[in-house]
1. Please go through the stretch 158-179 and pick out each residue that is touching a strand residue (DSSP E or B) at 6+ places or on another chain (Cβ under 7 Å), more than 14 Å from Asp139 (Cα to Cα) and assigned to a strand (DSSP E or B).
2. Could you count how many residues in the stretch 130-149 are in contact with a strand residue (DSSP E or B) (Cβ under 6 Å, 6 or more places away or on another chain) and without any contact (Cβ under 8 Å) to a residue 40 or more places away in the chain?
3. When the residues of the stretch 121-142 are filtered to those that are surrounded by fewer than 16 Cβ atoms within 10 Å (Cβ to Cβ) and not charged (D, E, K, R), which remaining residue is nearest to Trp203 (Cα to Cα)?
4. Go through the stretch 184-213 and count every residue that is without any contact (Cβ under 8 Å) to a residue 40 or more places away in the chain and part of a strand (DSSP E or B).
5. One residue is enough: does the stretch 130-151 have a residue meeting the conditions closer than 24 Å to Leu224 by Cβ and modelled with pLDDT of 95 or more?
6. Being of a type outside the set (Lys, Arg) and farther than 28 Å from Phe184 by Cα is the filter here, so list the residues in the stretch 123-159 that pass it.
Amino acid sequence: MRILSALCVIMLFINAQPASLGATCGSTRSKGVLRQLQPGDRWGFISRGIVGRGTRILPFSQTRTVEVLSETKKSPSGTECKVLSMRTLTRSPAGTDTSTSEAYFTQTQDGTILIHGRKPADKPDIQWVVDPPEKYIPDVKSPLSVGASWANTYKMSDDTTGTQKSEVVGTHRLKIPAGTFDSFVIKSQLEESDGLKVVLLAWYVPELGTEVLTVSIAKTAEGLTFIETEVLVGHSLQKTAQDSSKRR
């Protein structure tokens, strides 16, 4: 019960306009096609959460900067991948910690994001997708539409295996620090062989190429439970829009 109460407190951190899932919000409803991510694209997020084990619960907060780098990374199969860098600053009663992780991806012409590999902050080596045979797994399938779903079963080069299921369960207009957005709501479930289990709701804005709000619950094999809400507070497209306005 205290875990559920804490989740309600975290949700108060978000100033979202109430709307029913599946409702059509506004006349500029997105067509669901993901923008092509380019070097220099950058997004900033803040989050609040709790981590618990047994009866002990500790709060934490994070600031995270995500950026598409100008450099690329070639996969073992020879695919030239774009690099998504994620730099995170975490504050908790235990102290302050910084970490960096990366994801290596390509995009199809319709915008679908394909993950070829990843470098977690706590691992020294890159984990490349070795199964399925295509050597990649869809992360977000474009165009998004209510009812669309996709599922992945995969194996990484360090022998980690996993399954991920995602479904677009509705649409939602919400107001957050970065602005007011029409979004697609994606529910995902992930399980990996190291004991990690995650349930996540993501409010995804295709025109920005990112989720603008996520709520997640994760459990680890060590018995830790994480509950976290993350919200977009800024992105590089804002500056581009402002510069365009000044030129007019």
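The values are calculated or read from the model by the stated rules, or taken from the named source; none is laboratory data. Fair warning: this is a prediction, and the values are worked out from it, not measured in the lab. Positions of Cβ are backbone-derived with ideal geometry, glycine not excepted, and every protein chain shown enters the neighbour counts.
1. Let us first name the residues in the stretch 158-179 that are touching a strand residue (DSSP E or B) at 6+ places or on another chain (Cβ under 7 Å), namely 158, 160-174, 176-178.
Now narrow it down to the ones that are more than 14 Å from Asp139 (Cα to Cα): 158, 160-161, 169-174, 176-178.
If the condition is that a residue be touching a strand residue (DSSP E or B) at 6+ places or on another chain (Cβ under 7 Å), more than 14 Å from Asp139 (Cα to Cα) and assigned to a strand (DSSP E or B), then Thr161, Val169, Gly170, Thr171, His172, Arg173, Leu174, Ile176 are the ones that fit.
2. Qualifying residue count for the region: 8.
3. Ala121
4. Step one: list which residues in the stretch 184-213 are without any contact (Cβ under 8 Å) to a residue 40 or more places away in the chain, which gives 187-203, 211-212.
Pick out the ones that are also part of a strand (DSSP E or B) and you get 187-192, 197-203, 211-212.
Residues meeting the conditions: 15.
5. Of all residues in the stretch 130-151, those closer than 24 Å to Leu224 by Cβ come to none.
No, that holds for no residue.
6. So in the stretch 123-159, the residues of a type outside the set (Lys, Arg) come out as 124-134, 136-140, 142-154, 156-159.
Hits for the stretch 123-159 are Pro124, Asp125, Ile126, Gln127, Trp128, Val130, Asp131, Pro133, Met156, Ser157, Asp158, Asp159.
For (1) closer than 22 Å to Val68 by Cα; (2) among the aliphatic types (A, V, I, L, M), each residue gets a yes or a no:
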site	(1), (2)
Pro120	yes, no
Val130	no, yes
Trp150	no, no
Tyr154	no, no
Arg173	no, no
Ser183	yes, no
Ser188	no, no
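Conditions tested, residue by residue: (1) hydroxyl-bearing (Ser, Thr, Tyr); (2) crowded, with 17+ Cβ neighbours inside 10 Å; (3) over 16 Å from the mean Cα position of the chain (by Cα).
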residue: Ile57; (1), (2), (3): no, no, yes
residue: Thr65; (1), (2), (3): yes, no, no
residue: Ser70; (1), (2), (3): yes, no, yes
residue: Arg87; (1), (2), (3): no, no, no
residue: Thr90; (1), (2), (3): yes, yes, yes
residue: Asp97; (1), (2), (3): no, no, yes
